[in-house]
Amino acid sequence: MDALQRYNAWLQDPLVDSATREELRKLAGKHDEIEDRFFRWLEFGTGGLRGTVGAGSNRMNIYTVRMVTQALADTLKAEGKANGGVAIAHDSRHMSREFTLAAAGVLVGNGISVYVFPELAPTPLLSYAVRYYQAAAGIVITASHNPPQYNGYKVYNERGNQILTEEASKISTQMAQLGLESVQVHPEPEASSLWHWLGEEVIESYYQRLLEIAPKVENNESFRVLYTPLHGTGGRFVPEILKRSGFSQVATVGEQMVPDGDFPTVSYPNPEDPEAFQLAFEHAKKAPCDLILATDPDADRMGSAVWHEGHWVLLNGNQVGVLLTDFLLGQLQPDQRKRAVVIKTIVSTEMARPIVKKYGGEVRDTLTGFKYIGTLIDLLPQEGKEFVFGFEESYGYLAGTAVRDKDAVLASLLMAQMASHYQKQGLTLVDRLDELMEEYGYYLQDLVSYSFATSIEAEKSREFIQELQTTPITFIGEEKVVQVLDFQASRELDLRTNEAKEIPLPKEGVLQWITEQGSKVTLRPSGTEPKMKLYLEVCASSEEYAKARISRLKQAFDEMVRQGLQN
């Protein structure tokens, strides 16, 4: 069925409500828009569903949500897991509440219990709830930090971990066999005995577990925190956990405490974006503080700014990752340090490695995506190891084993504790980072994003990557390559000895090069869009030298990319 046929089918389908049909009638004659809305069903992958809210098979709406939920229900029933039920949470985005009710209605229609948060809830709290209720799965309605017109649907397994490729493939395959008529919707799901509104008991339990995980350090009573949830779900939770842990001077950015799917005070509700902090900086001029914390709409990512020598310094994800790694390991007893494991992604900083080694612990790498960190957590006890901390460069952090996804509520508490701890020693977090750099080397990172506007450019990029896979490069600029890691082939090649060994990770289309000077260059194509990202990291004896090295590496590889796309 082509786009126009599917469009006409929706117009005539009695299962499609009148408001949706009216929206579709306004598209009559707009061939490009009809094509975009109906050329496919919105695809379900390891990231779940994500797209623009609107009418159409390639949009986020109650029909696509019901379809994927039916596929989830069928999968749970086929695997004998339906009795466990499904926990469901949502953020502040447009239609999040409606999509939550739509998903729950399908699950109840399939005879599956649901545990529904009655109010906004952070993504990590959903992960916790799945484990707390021993549910078979979890659903979060969110598009994380994407622009306001987007929404999404993420699925979690019974361990509270975002599903991996094999699990997602089962749901996707089932969804491909369904039509609107296949969906079973309960007419009054909230009246069913299968419907359970989640009470305060799970939230209270979540708070208690976070307080148990956080180090037992004495907070500096004069320490001042300013927090903003960027109109998302963290507004209730972050100030509360800070208060419970003893922080008495916690202020909030009032305009951004109001949940709002339009995110009216920011152009992009992402704590990775410096512009997201502008309103907080204005507040700090009137009421000085020591630390600013910001969380994204579903409160799984956390960003921070530190007051240092008269100005605000924004810390990036790698910097926070190494600071928290050092801080948390420093709070452990010697016997715990020997069992300690810190997990990071392959594109996150290598600076964690010498820090953890000094404490006697171990660093493990995973593919990009916190779902891989969450999965590895459950395997460590079998080895007599203990998960202490996990992080990724894109502002995701987790400590302890209560949750299986990045947790900005917990990360906010840990950041405040750490900053307060060092303030008592007369140090800011910038000071402490400088101390770590002096001890372990100056690690510096950069990121380049490539987007391909035409199908020809996208095809050339694929050819370029294939060439890099078949013919290993031996130099990047002036730096000699000594190791090549092809994660798609699960193969690590040492160019000095020509010895190859297997990479014990799932396959992913990522290439990585390590140079003789210890630089790390990673090329990561998108699996769903005509894009690719280039991650660079160097380690040098001084900041100035590190900046010069990374600039030369970046320029050299960029020239390789440009030349490769022209051939």
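The values are calculated or read from the model by the stated rules, or taken from the named source; none is laboratory data. Everything numeric here is computed off the predicted structure, so don't read it as measured data. Every residue, glycine as well, gets a Cβ built from its backbone with ideal geometry; the counts of neighbours run over all protein chains shown.
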Those residues of the range 196-209 which are in contact with a strand residue (DSSP E or B) (Cβ under 6 Å, 6 or more places away or on another chain) and surrounded by 16 or more Cβ atoms within 10 Å (Cβ to Cβ) amount to L198
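Residue-by-condition table, conditions (1) in a loop (DSSP other than H, G, I, E, B); (2) basic (K, R); (3) in contact with a helix residue (DSSP H, G or I) (Cβ under 7 Å, 6 or more places away or on another chain):
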| site | (1), (2), (3) |
| --- | --- |
| P14 | yes, no, no |
| R21 | no, yes, yes |
| E33 | no, no, no |
| G56 | yes, no, yes |
| R66 | no, yes, yes |
| A71 | no, no, yes |
| K77 | no, yes, no |
| L101 | no, no, no |
With (1) part of a strand (DSSP E or B); (2) within 20 Å of D486 (Cα to Cα) as the list, and C539 as the residue in question, which single condition is left unmet?
-> (2)
How many of the residues making up the range 333-373 are modelled with pLDDT of 95 or more, among the small types (G, A, S) and under 22 Å from P506 (Cβ atoms)?
-> 2
Quick check: anything in the range 168-177 under 23 Å from E204 (Cα atoms) and either out of contact with any helix residue (DSSP H, G or I) (no Cβ under 6 Å at 6 or more places or on another chain) or surrounded by 19 or more Cβ atoms within 10 Å (Cβ to Cβ) (or both)?
-> no
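Matching residues to (1) modelled with pLDDT of 95 or more; (2) touching a Cys at 6+ places or on another chain (Cβ under 6 Å); (3) crowded, with 21+ Cβ neighbours inside 10 Å:
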position	(1), (2), (3)
P189	yes, no, no
L211	yes, no, no
V217	no, no, no
V225	yes, no, yes
T228	yes, no, yes
H231	yes, no, yes
G234	yes, no, yes
Odd one out for A78, checked against (1) surrounded by fewer than 20 Cβ atoms within 10 Å (Cβ to Cβ); (2) modelled with pLDDT of 95 or more; (3) touching an Asp or Glu at 6+ places or on another chain (Cβ under 6 Å) | (3)
Quick check: is even one residue across the range 517-533 of a type in the set (S, T, N, Q), modelled with pLDDT of 95 or more and surrounded by 15 or more Cβ atoms within 10 Å (Cβ to Cβ)?
-> yes
Out of curiosity, is M95 among the hydrophobic types (A, V, I, L, M, F, W, C), over 22 Å from E158 (Cα atoms), in contact (Cβ under 8 Å) with a residue 40 or more places away in the chain and crowded, with 23+ Cβ neighbours inside 10 Å?
-> no
Identify, from the list G111, G56, G152, the residue that is assigned by TED's automatic domain parsing to the domain that holds M175 and either of a type in the set (K, R) or under 19 Å from the mean Cα position of the chain (by Cα) (or both).
-> G152
Residue under evaluation P264, criteria (1) farther than 23 Å from D407 by Cβ; (2) more than 26 Å from the chain's Cα centre (by Cα), criterion not met | (2)
Restricting the first residue to the range 469-493 and requiring it to be without any contact (Cβ under 8 Å) to a residue 40 or more places away in the chain, which pairs with a second residue that is outside any loop (DSSP other than H, G, I, E, B) and among the aromatic types (F, W, Y) meet a Cβ separation below 6 Å and a spacing of at least six or different chains?
-> V481/W513; V484/W513
Within the range 483-528, of all residues that are of a type in the set (S, T, N, Q) and under 27 Å from L164 (Cβ atoms), the one farthest from the chain's Cα centre (by Cα) is Q483
Name every residue in the range 35-54 that is of a type in the set (G, A, S), assigned to a loop (DSSP other than H, G, I, E, B) and closer than 25 Å to T173 by Cβ, in order of residue number.
-> G47
Could you tell me which numbered condition T428 fails, if it satisfies all but one of (1) buried (at least 21 other Cβ atoms within 10 Å of the Cβ); (2) among the β-branched types (V, I, T); (3) in contact with a strand residue (DSSP E or B) (Cβ under 7 Å, 6 or more places away or on another chain)?
-> (1)
Does the range 387-405 contain any residue that is assigned to a helix (DSSP H, G or I), of a type in the set (A, V, I, L, M) and touching a Ser or Thr at 6+ places or on another chain (Cβ under 7 Å)?
-> no
Flagged in the range 1-56 as of a type in the set (G, A, S), at pLDDT 95 or above and touching a strand residue (DSSP E or B) at 6+ places or on another chain (Cβ under 8 Å), in numbering order, are G54
